[in-house]
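What follows is a short report on a single structure.
The values are calculated or read from the model by the stated rules, or taken from the named source; none is laboratory data. Here the structure is a predicted model, which means the values were calculated and not measured. Accessible surface is based on the protein model in full, side chains and every heavy atom, while ligands, DNA and RNA are left aside. Shrake-Rupley method; radii C 1.70, N 1.55, O 1.52, S 1.80 Å.
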Amino acid sequence: MDVKRVKDYLYWLYYQYQLVTCSYVLEPWEQSMFHTITVTVVAMVVYTAYVFVPIHVRLALEFFSQIFRAQPESTV
C-alpha cells in the first residue's frame, strides 16, 4: 500500500472520530483531556475483556456441556 493512502485513511478515521464524539468543538486542552480519558477507558475495557472473557466462556461451555450431556436412560 502507498504510504500517502495509509496516512490519508488514518487522518479520515481520526476526522470521523472527532465528528462522532463532537470533540472538534473543544479547546485544545479540553481535547487532550477528552482523548486521554477516552483512551484510558478503552484500554481498561480491552484489558478486562482479555482477562475475564475467556474464563466466562470456559465456564459457560462447561455449564452447557453438563446440561446437554446424554442422560442415561432409566431402567425402571
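Couplings for region 50-62, taken from phi via the Karplus curve 6.51 cos²θ - 1.76 cosθ + 1.60 with θ = phi - 60°, read 5, 7, 9, 4, x, 5, 5, 5, 4, 5, 5, 5, 4 Hz in order; Gly and Pro are left as x. Computed 3J(HN,Hα) for region 28-35, one whole-Hz value per residue from the Karplus formula 6.51 cos²θ - 1.76 cosθ + 1.60 where θ = phi - 60°, is x, 5, 5, 4, 5, 5, 4, 5, glycine and proline marked x. Computed with a 1.4 Å probe over protein heavy atoms only, the accessible surface of the chain comes to 95 Å² per residue. Averaging over all projection directions, the Cα-based convex hull of the chain occupies 10.1 nm² in the image plane. Between helix 3-21 and the chain there is an angle of about 80 degrees, using the helix long axis and the longest principal axis of the Cα atoms.
Report the extension gain between Arg69 and Leu13 in nm, rounded to one decimal, defined as 0.36 nm multiplied by the number of residues separating them, less their alpha carbon distance. Write out the running numbers ahead of the final one.
Details: separation 56, 0.36 × 56 = 20.16 nm, distance 4.78 nm.
Result: 15.4 nm gained on full extension.
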